[in-house]
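The values are calculated or read from the model by the stated rules, or taken from the named source; none is laboratory data. What you see is a predicted model, and the numbers here were worked out from it, not measured in a lab. Cβ sites come from the backbone with ideal geometry, for glycine too, and all protein chains shown count toward neighbours. When the accessible area is computed, the model is the full protein with side chains, heavy atoms only, and any ligands, DNA or RNA have been set aside. Shrake-Rupley method; radii C 1.70, N 1.55, O 1.52, S 1.80 Å.
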Amino acid sequence: MSAKTRRSRSNAPAEDAQKPPLAERPLTQRRGARPAERVPVILESEGSDGYRLVDSGMGEKLEQYGPYRIVRPEAQALWQRSLPAKDWDQVDAVFTGDTEEDGMGRWRFPKTPLGETWPMKLLDVDFHGRFTAFRHVGVFPEQMAHWSWMAERIASADRPLKVLNLFGYTGVASLIAAANGAEVTHVDASKKAIGWGRENQALARLDDKPIRWICDDAMKFIAREERRGNRYDIILTDPPKFGRGPNGEIWQLFDHLALMLDICRELLSERPEGLVLTAYSIRASFYSIHELMRETMRGAGGTVESGELILRESEAGRALSTSLFSRWLPQ
């Protein structure tokens, strides 16, 4: 499947889509003890020169992306703004239109018209920020908490690690993994997103790094990898609530997530470093994906830690929740 419903894809409502039968491969009946657990875990992504959450409130957030200050909808921001109106008015871009996470709209540029892309840098990797019709900007900075963990594991390993990035979008995580020495397989169903990823690779001067850019349906790809016996040391999964593959395949999070994780477990190497799941835009507790991850990893030992990814405002210091996560670690 493609990167996310909340990204650049068909926005047909999930309930209107005809559900195809699940993959023929049945779920594995796992035995053994469930992994230890750490809950709740709150992973905070700190601000940097490349990104800051400046302020939030009244259903919006004020962010600094590289040289640009941007206002976007944010349903989680239930409180009042901490900064005065003049700070919210003096911005470079404002997203207007549908306020739903996957709703389409357009960008308004109060100062001067801006191009589609601009240069950004996070965790020492260059890439393009991008104004999209789905209010997103080509990167999800709250994921820096996962990326920093991944970079540390890759850099400290005694061997080159293989990383699988499913629903990889514009490839920032893939570039960070490659920059730190990993061999990366990046999968997304959107040709446009794959193209953006390759552009980012060139901008980051990482053309010589081993990244496989694969435009494919995620479920079909991992099923083939399982049959081939290919294995990975780190797997990142960031699936949408609803999505379509390049040949019309349909992804429904609550229908397909268990099988996806089940196959991902089989794709872990004999010396794995971790399996990471992030979930956006779903009406569920993090405990739902936490318990699913623990069931999936029965008998594997290690620890499952789950909770939320947050961004913290640079001005008032309030925490803004962005998504749920669960990750299995071998220790």
(request) Mind counting the residues in the range 279-331 that are open to solvent by less than 40 Å² (accessible area, probe 1.4 Å) and assigned to a strand (DSSP E or B)? (result) 19
(request) Report the residue count in the range 170-186 for those that are open to solvent by 10 Å² or more (accessible area, probe 1.4 Å) and in a loop (DSSP other than H, G, I, E, B). (result) 2
(request) For the range 71-79, indicate whether the set of residues that are basic (K, R), closer than 18 Å to A204 by Cβ, open to solvent by 10 Å² or more (accessible area, probe 1.4 Å) and under 21 Å from the mean Cα position of the chain (by Cα) is non-empty. (result) no
(request) Would you check which residues across the range 258-274 are within 15 Å of I154 (Cβ to Cβ) and either open to solvent by less than 10 Å² (accessible area, probe 1.4 Å) or outside any loop (DSSP other than H, G, I, E, B) (or both) and list them? (result) G274
(request) Among the numbered conditions (1) modelled with pLDDT of 90 or more; (2) open to solvent by less than 60 Å² (accessible area, probe 1.4 Å); (3) under 16 Å from E74 (Cα atoms); (4) not acidic (D, E), tell me where G105 comes up short. (result) (1)
(request) Taking only the range 137-163 into account, find how many residues are assigned to a helix (DSSP H, G or I) and over 30 Å from D92 (Cβ atoms). (result) 7
(request) Determine if the range 134-146 includes at least one residue that is under 19 Å from E308 (Cβ atoms), modelled with pLDDT of 95 or more, surrounded by fewer than 21 Cβ atoms within 10 Å (Cβ to Cβ) and among the hydrophobic types (A, V, I, L, M, F, W, C). (result) yes
(message) So the check is Cβ under 7 Å with 6+ separation or different chains; which pairs have a first residue in the range 221-250 that's closer than 24 Å to F325 by Cβ and hydroxyl-bearing (S, T, Y) and a second one that's open to solvent by less than 10 Å² (accessible area, probe 1.4 Å) and assigned to a helix (DSSP H, G or I)?
(response) Y232/L267; T237/M260; T237/C264
(request) Determine the pairs where a residue that is closer than 11 Å to A258 by Cα, located within the range 288-299, has a partner that is crowded, with 18+ Cβ neighbours inside 10 Å and among the basic types (K, R) with Cβ atoms under 6 Å apart, the partner being 6 or more residues away or on another chain. (result) T296/R265
(request) Sort out which residues of the range 31-47 are under 19 Å from the mean Cα position of the chain (by Cα) and open to solvent by less than 50 Å² (accessible area, probe 1.4 Å), and write them in order of number. (result) V41, L43, S45
(message) Criterion first (assigned to a strand (DSSP E or B) and exposed (fewer than 15 other Cβ atoms within 10 Å of the Cβ)) does R224 satisfy it?
(response) no
(request) Scan the range 227-256 residue by residue and report those that are of a type in the set (K, R) and closer than 26 Å to S269 by Cα. (result) R227, R228, R231
